[in-house]
Structure formats: C-alpha cells, structure tokens
Amino acid sequence: MINIGLGTFETSKEEIGSAYNQTKTGFWDVVGATFLNAWNYNPTSSLLRTKEQIEAYQQSTNYLNRDELNKKYGSLGLNFKEDTREGVVDYIVKRKEIERDRQNTIARGPQGILAKSFFFLESLGTSFLDPINVAASFVPVVGQARFANMVARSGKNIARMKKGFVEGLVGNTAIEPIVYGVARSEQADYDGYDAFFNIAAGGFLGSAAHVGFGRIGDQIAN
C-alpha cells in the first residue's frame, strides 16, 4: 500500500516545552523515519506483525484491568475497552512508542517544499519494495480483448496506464483490509482516510508498474 498520510503527531502534555520536542531533526534522520513509517504499513510488514501479536498474546495469561491501563497509558493515546493480556499490552505500548518517536522525528524535521516533496516520493518508492504491492498491481481485471481496444483508441502506453490504474485499484482494495486491520489492532494512528487514500494511490502505483514493466518487455522483444 502506498503510505502518504499516516496520521499526525500530537505533542503530549509531558513533551510540551521540553528540550526534546524543541530540538530540530536532521534531513537524513527524517529520511530514515519516513522509510520505516511507510514500510511499517506495507502488507508484508503488517502480516509479519500479525505473527508478533499472536506470540505476544501467548506469552502471558495474566489480564490487566482496563481502567488501570487507560490511566497509565492514556497519555500515549491508547484506549483499552476491556481487560487485556499483559503480553498484548506490552506489545501495543511498544508499537505506539515506536510510532510516536518516528512521527516526532518527522514533525521536527525540514518543512520546506523540496524536503516534503522528497519525503512524499520516498513513501511512494517504499511501496514499490513490497512484493505484495507489486503483485496487487497486476490483478487480471482487464481482459486481452478490452486491452486491445484500449490500445487501438489511445495507444499502447496510455492503454497500459489505464489498465494499470484499474488493476492496481482493485488489487489494493483487496489487500488494504490487512493493513488497516493490523493497524487498528495496534491502535496505530491510521484511520479510514489513510486507507481510502492509499487505495486510490494504489491505482497510480499500478499505472506506473504497468508502463514500466511494459516498456521493459518491449525492449526485450525488440
């Protein structure tokens, strides 16, 4: 999934006015945080974390009181609706701390147009590294006959862009529930807006993939 808007960092009461929060972050620190943040919400990473959650659940049969948990971890933005196993609590708290640290790094980094454009493109590029994202861009929705008609009307490259957009949109719609479900189970700062935007952006990833691989195929054929 293409990960552009992954929530916003909200400063906690404890951090307001602190030296840590006022310290600016270097460009390359933000590059690293942006990559990890984007990769974190790719389907492959989400599936791996599902395994981690299961292992965390199995680590302890001791349940912690939800009221005490909310009092202790409410400042992190966590809300436990029921008593929760200790291992799961530890896992969720760890994930939230990692998420807030990365968002804090990004929020304190360069805010210029060039820098933000670079981070935007970096997030896009990170999505290309996930094999599931690439595979989702080639869901066979547009048949050969329909594609041939598209080529006849608008040319090969434009037809590939259209075919890639449709197939990327359908493929990313199919895998987005994995990313969204894992993120919500971790109480991550990832909502329906992010999911909707990423599905739409998946169409553009499909267009780019179809045009790119198509041209490679043409060169090989020639």
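Please determine, in degrees from 0 to 90 and to the nearest 10, the orientation of helix 192-221 with respect to the longest principal axis defined by the Cα atoms of the chain, where the helix direction is its Cα long axis.
That helix lies at roughly 40 degrees to the long axis.
With runs of 4+ DSSP H residues as the only contributors, calculate the mean residue ellipticity of the chain at 222 nm using -39,500 (n - 2.57) per run, divided by the residue total and rounded to the nearest 500. The partial results should precede the final answer.
Working: 10 runs with 158 residues, N = 222.
The helix contribution divided over the chain gives -23500 deg cm²/dmol.
Based on the Cβ-Cβ distance from T25 to Y57, what FRET efficiency comes out when R0 is 45 Å, to the nearest 0.05? Display every interim value, and only then the final one.
Values: r = 35 Å, r/R0 = 0.77.
According to the calculation, E is roughly 0.85.
Would you mind putting 45-56, 156-167 in packing order, based on average other-beta-carbon counts within 10 Å, highest first? Can you show the working numbers first?
Values: 45-56: 15.1, 156-167: 20.1.
With the highest mean Cβ count within 10 Å placed first, the list reads 156-167, 45-56.
As a test of understanding, state the convex hull volume per residue of region 42-108 from its alpha carbons, in Å³. Could the numbers behind the result be given before it?
On the way: hull volume 5.9 nm³, N = 67.
Measuring per residue, one finds 88 Å³ for the Cα hull of region 42-108.
Amide H neighbours of L64 under 5 Å, at least 5 residues apart or on other chains, H built in the peptide plane: list them.
Long-range HN contacts for L64: T84, R85, E86.
Return one number: the angle in degrees, 0 to 90 and rounded to the nearest 10, between the long axis of the Cα atoms of helix 113-128 and the longest principal axis of the Cα atoms of the chain.
80 degrees
Find the Cα radius of gyration of region 168-222, compare it with 2.2 N^0.38 Å by division, and give the number to two decimals.
On the way: Rg = 15.2 Å, N = 55, 2.2 N^0.38 = 10.1 Å.
Relative to the 2.2 N^0.38 Å estimate, region 168-222 comes out at 1.51.
Provide Rg over Rh for the chain; use the alpha carbon set for both Rg and the Kirkwood Rh (inverse mean inverse pair distance). Mind dumping the intermediate values first?
Numbers: Rg = 20.8 Å, Rh = 19.5 Å.
Taking Rh as the inverse mean 1/r over Cα pairs, Rg/Rh reads 1.07.
What whole-number value in Å² describes the accessible area per residue of the chain for a 1.4 Å probe? Provide the component values of the computation, followed by the final result.
Details: 12390 Å² over 222 residues.
Value returned for the chain: 56 Å² of accessible area per residue.
Would you work out the relative contact order for the chain, in percent, from Cα pairs under 8 angstrom that are 6 or more residues apart?
Values: 286 pairs, mean separation 66.7, N = 222.
Answer for the chain is 30 percent.
Over 22 Å between Cα atoms, which of K71/K96; K72/K94; K51/K96; K96/K116 qualify? Show your work: numbers first, answer last.
On the way: K71/K96 16 Å; K72/K94 14 Å; K51/K96 17 Å; K96/K116 24 Å.
Listed pairs above 22 Å: K96/K116.
Can you quote the Å³ per residue value for the convex hull of the Cα atoms in region 131-222, rounded to an integer?
Numbers: hull volume 8.3 nm³, N = 92.
Cα convex hull per residue, to the nearest whole number: 90 Å³.
Rank-order 128-139, 31-42, 70-81 by packing density, defined as the average count of other C-beta atoms within 10 Å over each peptide's residues, highest first.
Working: 128-139: 18.4, 31-42: 19.9, 70-81: 13.7.
Peptide ranking by packing, descending: 31-42, 128-139, 70-81.
Kirkwood hydrodynamic radius, computed over distinct alpha-carbon pairs, for region 32-163: how many Å, to one decimal? All intermediate terms of the calculation are to be shown ahead of the outcome.
On the way: mean 1/r = 0.0539 Å⁻¹.
Answer for region 32-163: a Kirkwood hydrodynamic radius of 18.6 Å.
The values are calculated or read from the model by the stated rules, or taken from the named source; none is laboratory data. Predicted model only: the values in this text are computed from it and were never measured. FYI the Cβ positions are ideal-geometry reconstructions off the backbone, even for glycines, and counts take in every protein chain you see. In case anyone asks, the SASA skips ligands and DNA or RNA and just uses the protein heavy atoms, side chains included. Shrake-Rupley method; radii C 1.70, N 1.55, O 1.52, S 1.80 Å.
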